[in-house]
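Scroll down for the structure; my scribbles are underneath it.
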Amino acid sequence: MEDIIKEDILEEVESCEPNFWQRLFSNKMAVFGAIVILILFIIAIFAPLIAPYSFDAIDLPQMLKGPNTENILGTDEFGRDIFSRIVYGSRISLKVGFIAVGISLVIGTILGALAGYYGGITDYIISGITDIAYSFPVSLLAIAFVAALGRSLTNLIFAVALVSWSGYARLVRGQFISLRNREFIEATKILGMSDVRIIFKHMLPNSMAPIIVLTTLEIPKAIIVESSLSFLGLGVPPPAPSWGSIMSSGRAYIMEAPWIAIFPGLMMALAVLGFNLFGDALRDTLDPRLKD
């Protein structure tokens, strides 16, 4: 019985896979978003090769210089190259975005799976905690966590993760509630499979599509939260370059050296746009109502 179930699922996935990729990359916004994401990864991985200077190289005679042949995006109040700092800052943004979202994904998925599968008092307790966490503003909670834990990259990642798990919990809970009475799940129970095996081998794989879509949309949110905290002085301690901290340092020189704040802001906007466009296209592709 189990082999038949697995064969049916595999046949369905294999039959839909070519159509899925064709539909996804026929969307121009998905292609644009994927290109932006790929470029961001290349910049972050090869930052020492791409950046012409070190991100913390101080050159006071070159302070507040506008874009020129030596510093294509200008310099800041300490003569540091803005382009180099933006390039290295992509590492922090992507690291916080992916690791924080990964942690929140694990926490939210486990809690949502337990609530949706068991129901009853388990669902009542987990859903109550999830609703409380979901009701608080993300930025406000993140500020509170960082203020309590202290400024560091690790604490920043955990702060972003601890304020983002509730969305996953609500999504996974809803998916599991819709799946737990399906015929193939009832068949696995009749076969005497353990709850852990049913949850992780049969129910969770059938819930992955919306989880993947949510993840692509949560990463830009995490990047924005990280940049916001850094802008407020609660992010990674200096001289580590973060797009938010670079913009924050440029506030005092917005009239005489606007490039300090403008260029990292444009970079953050482009990154968020790329992830959002790819996530929207992925959601439209995986929506059953849009399939032929």
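What follows draws every value from the coordinates through simple rules; no lab data is involved. The structure displayed is predicted, hence computed values, not measured ones. Quick reminder, even Gly has a Cβ in these numbers, built from the backbone with ideal geometry, and neighbours come from all protein chains shown.
Below are the figures for this structure:
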read-out	value
Check on I82, in contact with a strand residue (DSSP E or B) (Cβ under 7 Å, 6 or more places away or on another chain) and closer than 30 Å to P48 by Cα	yes
Test set (1) within 19 Å of G79 (Cα to Cα); (2) not in a loop (DSSP other than H, G, I, E, B) - P210 fails condition number	(1)
Set V146, V101, V106: member being among the β-branched types (V, I, T) and within 17 Å of S230 (Cα to Cα)	V146
Pairs, first farther than 18 Å from P238 by Cα in segment 49-70, second of a type in the set (A, V, I, L, M, F, W, C) and in a loop (DSSP other than H, G, I, E, B), C-beta under 6 Å, six or more apart	L64/A257; P67/L73
Residue in segment 125-142 that is crowded, with 18+ Cβ neighbours inside 10 Å, without any contact (Cβ under 8 Å) to a residue 60 or more places away in the chain and charged (D, E, K, R) present	no
Number of the condition not met by T216 [criteria: (1) touching a residue at least 40 places away in the same chain (Cβ under 8 Å); (2) part of a loop (DSSP other than H, G, I, E, B)]	(2)
Scope segment 235-285; condition without any contact (Cβ under 8 Å) to a residue 40 or more places away in the chain and part of a loop (DSSP other than H, G, I, E, B); matching residues	P238, I254, M255, P258
Residue check, G235 over 20 Å from S139 (Cβ atoms) and surrounded by 21 or more Cβ atoms within 10 Å (Cβ to Cβ)	no
Test: residue in segment 49-69 that is of a type in the set (D, E) and within 24 Å of the chain's Cα centre (by Cα)	no
Filter result for L94 (buried (at least 19 other Cβ atoms within 10 Å of the Cβ), touching a residue at least 12 places away in the same chain (Cβ under 8 Å) and under 27 Å from I185 (Cα atoms))	no
Close pairs (8 angstrom Cβ cut-off, 6 or more residues apart or separate chains): without any contact (Cβ under 8 Å) to a residue 12 or more places away in the chain and surrounded by 11 or more Cβ atoms within 10 Å (Cβ to Cβ) in segment 168-194, of a type in the set (A, V, I, L, M, F, W, C) and assigned to a helix (DSSP H, G or I) anywhere	K189/I198
